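S.K.: Below is the structure I would like to discuss, written out as structure tokens.
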Amino acid sequence: MTDFKDEDYWRSIILYGLNQATYKIALGKTLVSLSEKNINHVPWDTLSLEFLEQYKKRLNVEEPMPQQANPSRRTFMERAVRKLDLGTTDIDETIFNVGKEGFNDVIRRFHNIAKFSDFQGKFYTYDFGKSITLTDNLHNVVEQHNKDISAELDSRWALLEGAFTIKSDNYELANDILDTYALKGERRKDLTPNIPFLQGYQGNSCFYCAEKIEEGDCHVDHVLPKKVLQHNQIWNLVLAHSYCNMSKSDKVVGNHFMEKLIQRNENIMGSNHPWKHKISSDLGRTKKLRASNLLTHYENVKVVLGKNYWFGTSSYNPQNDDFYKKLITRLNN
Ligand SMILES: [Zn+2]
């Protein structure tokens, strides 16, 4: 326990545990934002306003996502933002109400993590209803890891919303899956060094639309979203246009892309490239095992993200895809 750093405590608060709503993530973002403004002593109104701002950013989009596990009910913050939009309350009244009811019990409970001893006061202390005081631990973590922790907060928030949209009987399972991947998660890193290797097995065409990739438009994409798998293992990486990459985003790809990915990986396995050992150690030693493990990851992603499929850009036609042409030729031989 003693060799945990402050940023490890921060991550364990944000990334682990079964969350029934998004309050903890919103408070995390609020704390980061206040620390960026170099505020130590935060009056309750300032805290409420900042917390409200986080939800406004999150909810003022075309299709806002549910903020708690029961998607048929709305949280206090969802209702507050909605009323403000409709003009049925003004900002002062909203800030007052957020301060009174909006935090639920997150101010008291933020520091509690299952299986860890309680470390109240690590990132802030509070005088409930009056103020909170940010600690140097918080300022240091924000100063040194701002980019990472901000990205983690955003992806965790999106993950929870994704989990809340799926059927409630899958909810705990989805959270377990996320936690399992999070425990083995890798940091964000530059994936461009993988491009030459991937080109060797994919040619210069986009994995999703099979059109040629122009120089400078080549992106390394995680076929199964990184926000679920949390790793950069080579079997899940492909090259894509920025347009296709963005259009696919974090959606679940259709089945045919899984077949293509399995086949692409088997092509690497059939080569002498030393990286085939990475695939073998990540997915399994036999072709059958690799396919089955890959499809298990696919099923996990579907549980977490729901069956919001993406079948490719509309112009895509497998018959014009060199990859499929070669594959069919091979199967016919
Ligand atoms: Zn493309």
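Rule-based calculations on the coordinates, nothing more; no lab input. Small disclaimer: the values here were computed from a predicted structure and weren't measured. FYI the Cβ positions are ideal-geometry reconstructions off the backbone, even for glycines, and counts take in every protein chain you see.
S.K.: Given all pairs of different Cα atoms, what value in angstroms does the Kirkwood hydrodynamic radius of the chain take?
M.R.: 22.2
S.K.: Give the residue from GLN68, ASN97, LEU47 lying farthest towards the positive end of the charge dipole for the stretch 42-100; charges sit on Cβ (+1 for Lys and Arg, -1 for Asp and Glu) and the dipole is referred to the Cα centre.
M.R.: Ranked along the dipole, the leading option is GLN68.
S.K.: Return the inverse of the average 1/r over all pairs of distinct C-alpha atoms in the stretch 263-307, which is the Kirkwood hydrodynamic radius, in Å to one decimal. Walk me through the intermediate numbers first.
M.R.: Working: mean 1/r = 0.0891 Å⁻¹.
Value: 11.2 Å, from the Cα pair sum.
S.K.: Report, to the nearest 10°, how far helix 23-36 tilts away from the longest principal axis of the Cα atoms in the chain, using its own Cα long axis and a range of 0 to 90°.
M.R.: 80
S.K.: Using per-residue counts of other Cβ atoms within 10 Å, averaged over each peptide, order 92-98, 191-197 from highest down.
M.R.: Ranked from most to least packed, the peptides come out as 92-98, 191-197.
S.K.: Please state, as a whole number in µm²/s, the translational diffusion coefficient that the Stokes-Einstein equation yields for the stretch 6-171 at 37 °C and 0.692 mPa s, with Rh defined as the Kirkwood radius across alpha carbon pairs.
M.R.: Translational D for this selection: 201 µm²/s.
S.K.: Another question, then. Listed highest first by mean packing, meaning other Cβ atoms within 10 Å per residue, what order do 44-51, 73-80, 210-217 come in?
M.R.: 44-51, 73-80, 210-217
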